[in-house]
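Below is one structure; the comments refer to it alone.
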Amino acid sequence: APAAGNADGVKAVAPLPGTIMQIFVNVGDQVKRGDKILMYEAMKMENNFLAEVDGVIKDIKVKVGDNVLQGAVLAIIG
């Protein structure tokens, strides 16, 4: 999915509905494109969610155990 950019940064959105299993970053962390941001379980498979851009984690919108819907904003990278 293309990254939606705006003044606040790039929204990292869930490609599938699932459950957040692990979060690998904190607000303020520097990330590079391809870095693991979090892991979630969807359709009985564990999926790593990767940063689509280089930047800094501005906000994390989920916590471990959250159930997210497709298109939910997981994090914002600025």
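Charges were assigned to the Cβ only: +1 to each Lys and Arg, -1 to each Asp and Glu. The resulting dipole of the chain about its Cα centre is roughly 40 debye. Charged neighbours of Asp54, selected by a Cβ distance under 15 Å, balance to +1 (K, R count +1; D, E count -1). The protection proxy used here, the mean number of other Cβ atoms lying within 10 Å of each residue, ranks peptides 55-62, 66-73 as follows, highest first: 55-62, 66-73.
Near the amide H of Leu38, within less than 5 Å, lie the amide hydrogens of Phe24, Phe49, all on another chain or at least 5 residues away, with H placed in the peptide plane.
The HN-Hα couplings worked out from phi for the range 9-21 by the Karplus form 6.51 cos²θ - 1.76 cosθ + 1.60 (θ = phi - 60°) are x, 9, 7, 8, 10, 5, x, 9, x, x, 10, 6, 9 Hz, whole numbers, x standing for Gly and Pro.
The value of relative contact order for the range 1-75, using C-alpha pairs under 8 Å at least six residues apart, is 39 percent.
Residues in the chain average 60 Å² of solvent-accessible surface per residue, probe 1.4 Å, ligands and nucleic acids excluded. Look at the Cα gyration tensor of the chain: its axes a ≥ b ≥ c give a/c of at least 1.5 with a/b over b/c, and that counts as prolate. Protein heavy-atom surface of the chain, 1.4 angstrom probe: 53% of the accessible area is carbon and sulfur, with nucleic acids and ligands not counted. Residue-wise HN-Hα couplings along the range 60-75, as the Karplus relation 6.51 cos²θ - 1.76 cosθ + 1.60 with θ = phi - 60° gives them from phi, are 10, 9, 10, 10, 4, x, 5, 9, 10, 9, 4, x, 5, 6, 8, 7 Hz; Gly and Pro carry x. Taken one residue at a time, the phi angles of the range 43-59 give Karplus couplings (6.51, -1.76, 1.60, θ = phi - 60°) of 6, 6, 10, 8, 10, 8, 9, 10, 5, 8, 9, 7, x, 10, 5, 8, 7 Hz. Gly and Pro are set to x.
The values are calculated or read from the model by the stated rules, or taken from the named source; none is laboratory data. Model, not experiment: these values are computed from the prediction. Here Cβ is always computed from backbone atoms with ideal geometry, including for glycine, and neighbour counts include all displayed protein chains. Just so you know, the surface numbers come from the protein's heavy atoms only, side chains and all, with ligands and any DNA or RNA stripped out. Shrake-Rupley method; radii C 1.70, N 1.55, O 1.52, S 1.80 Å.
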